[in-house]
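Quick notes on the structure that follows.
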């Protein structure tokens, strides 16, 4: 089945530094990738949608200058949390799909990245 | 506006007993409904989906779900629960739009299966 690899699985960084999270589709070309944020015991909150070769579409309330998303190829999207602060600590999950989003082609999720900002 | 609800934050069941995780939806058009499971510190894994056709959908790991249009429900079921089924379950509603399909996640239901 389709596999999405997300790296790193855990990262601890100091306040003010930037962190890059990678999301790769290993055996399919992902036309669209999504980035989610999940708070403890809560559902996933969609942050942004990215299509290969174009600018990401951010959800309302998500700071595009803080959460930089790059979708340079059909198999790789990156999320960079710039000037991270403790309130950015969270579980970040990427997902990828090919074809029509989420109907005949269910979303394939990465294993998530636990970000802790100290 | 479309929405999906999981009325139970947590469901407890004894191993070997049947389990049900509830999901109801509200949508003006045809619903596309999915169930995903999340294990601790992991991403979501696809379990099953309803697009069209038979109302009873069978999925991975022995799970099934019944689409009930009159009750606007899509409850997840398994005849005999296992301790390894303990996880967080999400019901997801997909709406087709001209600008790209929109996914709405339920709030999740924590399933705990005990010996």
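As a ratio to 2.2 N^0.38 Å, the alpha-carbon radius of gyration for the range B:36-115 is 1.17.
At 4 °C and 1.567 mPa s, what whole-number value in µm²/s does Stokes-Einstein give for the translational diffusion of chain A, with Rh from the Kirkwood sum over Cα pairs? The partial results should precede the final answer.
Details: Rh = 14.1 Å.
Result for D is 92 µm²/s.
The fewest-to-most ranking of A:77, A:25, A:9 by surrounding Cβ atoms within 10 Å reads A:9, A:25, A:77. Please report, to two decimal places, log10 I(q)/I(0) for the range A:9-63 at q = 0.19 Å⁻¹ as given by the Debye formula with identical point scatterers on the Cα atoms and no solvent. With one equal scatterer per Cα and no solvent, log10 I(q)/I(0) is -0.93.
Given a Förster radius of 35 Å and the C-beta distance between residue B:69 and residue B:41 as r, what FRET efficiency does 1/(1 + (r/R0)^6) yield to the nearest 0.05? Mind dumping the intermediate values first?
Working: r = 36 Å, r/R0 = 1.04.
For residue B:69 and residue B:41, the calculated efficiency is 0.45.
The range A:1-55 and the range B:21-93 have their alpha-carbon centroids 24 Å apart.
As a footprinting exposure proxy, order A:10, A:114, B:42 by other Cβ within 10 Å, with the fewest listed first.
Numbers: A:10 11, A:114 14, B:42 17.
Ranking A:10, A:114, B:42 by Cβ neighbours within 10 Å, fewest first, gives A:10, A:114, B:42.
Note on residue A:57 and residue B:114: their simple-model spin labels are 4.6 nm apart, each label 7 Å out from Cα toward Cβ.
For chain B, give the share of DSSP beta bridges that are antiparallel, in percent and rounded to the nearest 5; count only bridges with both residues there.
Working: 35 of 40 bridges.
Here the share of antiparallel DSSP bridges comes out near 90 percent.
Enclosing the Cα atoms of the protein assembly as shown in their convex hull gives a volume equal to 125 cubic angstrom per residue. Between residue A:70 and residue B:84, the distance separating the two model label sites (each 7 Å from Cα on the Cα→Cβ line) works out to 4.0 nm. A simple spin-label model places the labels of residue B:58 and residue B:12 3.3 nm from each other, with each point 7 Å out along Cα-to-Cβ.
What does the structure give for A:111-118 when I average, per residue, the other chain Cβ atoms found within 10 Å of the residue Cβ?
On the way: counts 7, 6, 2, 1, 0, 0, 0, 0.
Partner-chain Cβ atoms within 10 Å, mean over residues of A:111-118: 2.
Of the beta bridges in the protein assembly as shown, as assigned by DSSP with both residues counted there, near 90 percent are antiparallel.
Bear in mind that the values in this text are calculations on the coordinates, not laboratory data. It should be emphasised that the depicted structure is a prediction, and the values quoted were computed from it without experimental measurement. Note that we place each Cβ from the backbone using ideal geometry, even for glycine, and neighbour counts take in every protein chain shown.
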